[in-house]
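See structure below.
Rule-based calculations on the coordinates, nothing more; no lab input. Quantities reported herein were computed from a predicted structural model and do not represent experimental measurements. Cβ placement follows ideal geometry from the backbone for every residue including glycine, while neighbour counts extend to all protein chains displayed.
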Amino acid sequence: MTKRLIKSWIAAFAGTVLLGTGSAALAMEDLGTQSIGKMEFQKNCASCHGMEGKGDGPMVEFLKQSPKDLTMLSKANGGVYPQAKVYEWIRDPHKIRAHGTEEMPIWGDRYSKEIIEKYGPDYYGPGSSVQERILELVFYLGTIQQK
């Protein structure tokens with residue numbers, strides 16, 4: 001069994017059973033998911049939110065509304081990182097706009113399209129899970145929270 005496949009299973013388990021707890025983020029961090037989540041962040045989020053997640057990316061001047069400082073999510077939530085909310089903001093299954101506008105791409109839809117375009121609709125290999133990619137990003141964001 002490959003390491004990546006094991007991580008996929010753990011991510012799926014963590015997402016369905018432990019999404020509301022901080023222990024999932026710690027478990028995933030121990031397996032190196034933080035670096036995977038960081039790569040996802042740098043690839044898909046940093047242009048608006050900045051490399052450190054403070055809302056100061058190079059695209060800011062072109063946006064109508066400034067991106068959220070993602071390092072302040074815990075502070076804004078009484079000192080607790082809102083994992084489940086962050087997951088929903090990224091996945092956006094009910095078209096709830098995290099910024100109140102359509103400027104932020106809906107990554108759940110984008111990830112699904114990328115996987116289908118790259119591997120076809122029947123691919124179930126490593127990295128095929130939209131949930132896995134979003135969870136990696138959610139767990140990474142939990143590691144950059146200000147105290």
Response to the item:
Lys and Arg at +1, Asp and Glu at -1: neighbours of residue 72 with Cβ under 14 Å from its Cβ sum to +2
Item to complete: Beta carbons within 10 angstrom, averaged per residue: use that to sort the peptides 66-77, 36-47, highest first.
Response: 36-47, 66-77
Discussion item. Going by average Cβ density within 10 Å per residue, which order do the peptides 133-141, 114-122 take, highest to lowest?
Written reply: 133-141, 114-122
